[in-house]
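Asker: Below: one structure in structure tokens.
Derivation of every value follows stated rules applied to the coordinates shown; laboratory data play no part. If you're wondering where the values come from, they're calculated on a predicted model, not measured in any experiment. Positions of Cβ are generated from backbone atoms using ideal geometry, with glycine treated the same way; all protein chains shown enter the neighbour counts.
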Amino acid sequence: DAKTTQPPSMDCAEGRAANLPCNHSTISGNEYVYWYRQIHSQGPQYIIHGLKNNETNEMASLIITEDRKSSTLILPHATLRDTAVYYCIVRSNTGNQFYFGTGTSLTVIP
Amino acid sequence: ETGVTQTPRHLVMGMTNKKSLKCEQHLGHNAMYWYKQSAKKPLELMFVYNFKEQTENNSVPSRFSPECPNSSHLFLHLHTLQPEDSALYLCASSPVGGLAGSTRYFGAGTRLSVL
């Protein structure tokens, strides 16, 4: 599976959009991009995933560049409860690896 | 609530004890996983079960013994653990293992402390 690169930490003002970037320059055509988050000492929570097209659900939007080498997770109106570590993962359709990496620690500031 | 339930949430055990972690999912999934998350480290995949059969063991020491009696239940039996085994142990499930579009759902984890 392709590895990802994320900034170690970010801050966002409460009520503003949080844009979390992820680079996955070695992604191949059959690999999906997944986003999870982990609030301190809890299990990872699924947020969203996509292959080529942009995706939106009740939690967030996922923007994938046309060349698929990077993506951005957007939390449209960040709240204090969105403070967590956010993981960008790419995985192929073979094997069981789901590599979480070290993620981005997002702090939402009042 | 993800539909994946882990018990106990917290466990303290001595190095000579035997204990078991339990995971249960009510999502109708056919794949289940054990992960370990040590302090300041990424999640590490330990075991994978597909349709009750173990399909992956990532060089996990034999003091960790998984059991999957059916597709809804997964256990991790622990014996003669070491203090460095203290970590958050996470269970996950997915509709089918090994498929790229198969989302993995996690339980809240068991925080294990080995004294």
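Asker: Starting from the Cα of A:Lys52, draw a straight line to each of the lysines and keep only those under 28 Å, dropping any in the same chain fewer than 8 residues away.
Answerer: Those lysines meeting the cut-off are A:Lys3, A:Lys69.
Asker: Using +1 at the Cβ of each Lys and Arg and -1 at the Cβ of each Asp and Glu in the protein assembly as shown, identify which of B:Ser94, A:Pro110, B:Met32 lies farthest towards the dipole's positive end.
Answerer: Of the options given, the answer is B:Met32.
Asker: Then there is this: If the only charges are +1 at each Lys and Arg Cβ and -1 at each Asp and Glu Cβ, what is the size of the charge dipole of the protein assembly as shown around the Cα centre, to the nearest 20 debye?
Answerer: 440 debye
Asker: In nm, give the distance between the simple-model label positions of B:Leu115 and B:Thr7, each being 7 Å from the Cα along the Cα-to-Cβ direction.
Answerer: So the two model labels end up 2.4 nm from each other.
Asker: Can I ask one more? Taking H as built 1.01 Å from N, whose amide H comes closer than 5 Å to the amide H of A:Asn54, not counting residues under 5 places away?
Answerer: Under 5 Å from the amide H of A:Asn54 lie the amide H atoms of A:Ile64, each far enough along the sequence or on another chain.
Asker: Could I ask something else about it? What size of dipole, in debye to the nearest 20, comes out for the stretch B:10-115 about its Cα centre when the only charges are +1 on Lys and Arg C-beta atoms and -1 on Asp and Glu C-beta atoms? Let's see the in-between values first.
Answerer: Numbers: 10 positive and 7 negative charges, 51 e Å.
For the stretch B:10-115, the charge dipole is close to 240 debye.
Asker: A further question on this structure: What list of ³J(HN,Hα) couplings, whole Hz, do you get for the stretch B:102-115 from phi and the Karplus terms 6.51, -1.76, 1.60, once you set θ to phi - 60° and write x for glycine and proline?
Answerer: 8, 5, 9, 10, 9, x, 7, x, 10, 8, 9, 10, 10, 9
Asker: Using the 4.7 Å Cβ rule, please list in number order the cysteines from chain A without any candidate partner.
Answerer: By the Cβ distance rule, which asks for a partner under 4.7 Å, the isolated cysteines are A:Cys12.
Asker: Average partner chain C-beta neighbours within 10 Å, per residue of B:36-47? Present the calculation step by step, with values, prior to reporting the outcome.
Answerer: Values: counts 0, 5, 0, 0, 1, 2, 6, 10, 2, 5, 0, 1.
If you average over the peptide's residues, the count of other-chain Cβ atoms is 3.
Asker: State to the nearest 20 debye the size of the charge dipole of the stretch A:30-71 about its Cα centre, where the only charges are +1 on K and R beta carbons and -1 on D and E beta carbons. List each step's numbers first, then the result.
Answerer: On the way: 4 positive and 5 negative charges, 21 e Å.
For the stretch A:30-71, the charge dipole is close to 100 debye.
Asker: Assuming R0 = 35 Å, what is the FRET efficiency of A:Thr56 and A:Gln97, from their Cβ-Cβ distance, to the nearest 0.05?
Answerer: Details: r = 27 Å, r/R0 = 0.77.
Once rounded, the FRET efficiency stands at 0.80.
Asker: Give a residue-ordered list of calculated ³J(HN,Hα) values for the stretch B:68-85 (Karplus: 6.51 cos²θ - 1.76 cosθ + 1.60, θ = phi - 60°; whole Hz; x for Gly, Pro).
Answerer: For the stretch B:68-85, the Karplus-derived couplings read 10, x, 7, 5, 9, 10, 9, 10, 10, 8, 10, 8, 6, 6, 10, x, 6, 7 Hz, x marking Gly and Pro.
Asker: Here's a follow-up. For labels at B:His79 and A:Ser28 in the simple 7 Å Cα→Cβ model, what's the distance in nm?
Answerer: Spacing of the two 7 Å Cα→Cβ label points: 4.1 nm.
Asker: Run the lone-cysteine check on chain B: no other Cys C-beta under 4.7 Å from the residue's C-beta.
Answerer: Singleton cysteines: B:Cys68.
Asker: Amide H of A:Glu14 versus every other amide H placed in the peptide plane: which residues, excluding those fewer than 5 positions away on the same chain, fall under 5 Å?
Answerer: Correct list: A:Ile109.
Asker: Give me a comma-separated list of calculated 3J(HN,Hα) values for the stretch A:59-75, in order, Karplus coefficients 6.51, -1.76, 1.60 applied at θ = phi - 60°, integers in Hz, x for any Gly or Pro.
Answerer: Once rounded to whole Hz, the list reads 9, 6, 10, 10, 10, 10, 5, 4, 7, 6, 7, 8, 8, 9, 9, 10, 9.
Asker: Here's another thing I want to ask about it. Treat the count of other C-beta atoms within 10 Å as a stand-in for reagent exposure and order A:Cys22, B:Cys91, A:Cys12 from fewest to most. List each step's numbers first, then the result.
Answerer: Values: A:Cys22 24, B:Cys91 27, A:Cys12 19.
By the 10 Å Cβ count, ascending: A:Cys12, A:Cys22, B:Cys91.
Asker: A further question on this structure: Around A:Ile109, what is the net charge, scoring Lys/Arg as +1 and Asp/Glu as -1 over all other residues with Cβ under 12 Å from its Cβ?
Answerer: Numbers: positive: A:Arg16; negative: A:Asp11, A:Glu14, A:Asp82.
Within the 12 Å Cβ shell, the charges total -2.
Asker: In which sequence would A:His40, A:His24, B:His77, A:His77 go, from the one with the fewest C-beta neighbours within 10 Å to the one with the most?
Answerer: Values: A:His40 7, A:His24 23, B:His77 13, A:His77 10.
Ranked by crowding around the Cβ, least crowded first: A:His40, A:His77, B:His77, A:His24.
Asker: Hey, rough spin-label estimate for A:Ala17 and B:Leu27, points 7 angstrom out along Cα→Cβ, what's it come to in nanometres?
Answerer: Spacing of the two 7 Å Cα→Cβ label points: 2.9 nm.
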